[in-house]
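Read through the structure below, which is laid out as structure tokens, and then see the notes.
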């Protein structure tokens, strides 16, 4: 934190006079997340984290000579591709946003990229869309993500499960791109290390009764139930149904199921549940949490650091481009995210903006150790979690 405060103080001292007379311009940035739907308990915190980065850039007085970012929110619903695409088109054509932070769930993110953002030359940075299929979409270098692909999460989750001595599991997954991709990745990795899958079955979100799905899972057997779904709808329903039927008492979860609302809903029966979530407990992550808290933002939750980084990258790319032109912003994304350059951490956006204005290159590290691959993915790391004392606690980082 001392380094962040020193950098901020230095920049303020050097630029207070230079930018006092800067002309302020409003820059519209799109923010599209599932404010309704199966992850609605997660998205408010994600939005707040991204908007913290935009407020930081705006308040510095350094962004494009004193410009201010206006966040324009839209609802992806997480599950309705047509509605998400319509919402994104409205951001792009009616609101004329420069770029988009989002979307969240993989299916709607793919739809928005293919049908709205890429055809209009708009950059998207998703903080949470993790389907392996997104690594190979024809995005013309307009799609980036700050959360790693589920190709990696499947491997990590398999290692966690086999490490607990669990040799046979049943798997249920939400019936969309995210669920299918993660289920395939997990199955391949789990079987490669000697695990056995008794059944792998899809479930639909939004149902009132999951007794039929639970009965099929129960009949197949397994020491634990792996739930690859969403914490506010189908995944929660499957777990509650399994508990009510006495089918399973050990659960394994992935990122879409991680959130305090699930623990609060299920209660003590979730104690001992294990899972994985993108993230780390590095100095960068710890410093970000302290910085966000000091700004009145609770950033200690799933995909909040990734959301801050997504917002920060878009602001820095505009500054590097010296422009709000969509094509110029796209061309600057890799330049600000990757080495070489002066490393910029969360809470140091004013310093990064100052350096870019003065022709000095930066390497944005942020809260999650950002480093883009050529296809816009990041390698990333994962937390191994366990529910203890009514909360998800980090066991280790992989």
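Here, each number is a calculation from the coordinates, and none is a lab measurement. This one's a predicted model, so the numbers in the text were calculated from it and none came from an experiment. Quick reminder, even Gly has a Cβ in these numbers, built from the backbone with ideal geometry, and neighbours come from all protein chains shown.
Couple of notes before you dig in:
- Relative contact order (percent, whole number), the chain, Cα cutoff 8 Å, 6+ residue spacing: 18 percent
- Crossing angle, helix 234-245 versus the chain [Cα axis fit, 0-90 degrees, rounded to tens]: 30 degrees
- Pairwise label distance in nanometres, residue 212 with residue 138, each label 7 Å out on the Cα-Cβ vector: 3.8 nm
- Calculated mean residue ellipticity at 222 nm for the chain: -12500 deg cm²/dmol, from DSSP H runs with n ≥ 4 weighted as -39500 (n - 2.57), summed, divided by the residue count and rounded to 500.
- FRET efficiency for the residue 393 to residue 90 pair, using the beta carbon distance and R₀ = 45 Å, is estimated at 0.65.
- By other beta-carbon atoms within 10 Å, ranking 29, 124, 101, 46 with the fewest at the front produces 29, 124, 46, 101.
- Neighbour-count order for 308, 230, 210, fewest beta carbons within 10 angstrom listed first: 210, 230, 308
- Inter-centroid distance (Cα atoms) of the stretch 36-86 relative to the stretch 163-230, Å: 32 Å
- Once the Cα atoms are used to define both axes, helix 304-321 deviates from the longest principal axis of the chain by about 30 degrees.
- Protection proxy ranking, peptides 56-68, 131-143, average beta carbon neighbours within 10 Å, highest first: 56-68, 131-143
- Between 0 and 90°, nearest 10: helix 283-294 axis offset from the chain longest Cα axis: 70 degrees
- Backbone N within the stretch 136-177 under 17 Å of label point (7 Å from residue 271 Cα along the Cβ vector): none
- For the chain, modelled as a GNM whose springs connect Cα atoms under 10 angstrom apart, the maximal fluctuation among 254, 312, 292 occurs at 292.
- Here the spin labels are modelled as points 7 Å beyond Cα on the Cα-Cβ line, and at residue 70 and residue 282 they lie 3.6 nm apart.
- Using a Förster distance of 22 Å, the FRET efficiency for residue 373-residue 331 (Cβ separation, nearest 0.05): 0.80
- Exposure proxy order (Cβ contacts within 10 Å, fewest to most) of 146, 110, 394, 36: 394, 36, 110, 146
- Each part gets one Cα centre, and for the stretch 321-374 versus the stretch 135-157 those centres are 20 Å apart.
- Mean-square fluctuations from a GNM of the chain, with a 10 angstrom spring cutoff on Cα atoms, peak among 25, 164, 236 at 164.
- Computed over the chain, Kirkwood Rh from alpha-carbon pairs, angstrom: 21.3 Å
- Taking a point 7 Å from the Cα of residue 201 along the Cα-to-Cβ direction, the residues of the stretch 145-185 with backbone N closer than 14 Å to it are 170-175.
- Projected-area mean, the stretch 143-228, by convex hull of Cα positions, square nanometres: 6.2 nm²
- More than 19 angstrom apart: percent of Cα pairs within the stretch 76-171: 44 percent
- Convex hull volume of the C-alpha atoms in the stretch 299-398, normalised per residue: 107 Å³.
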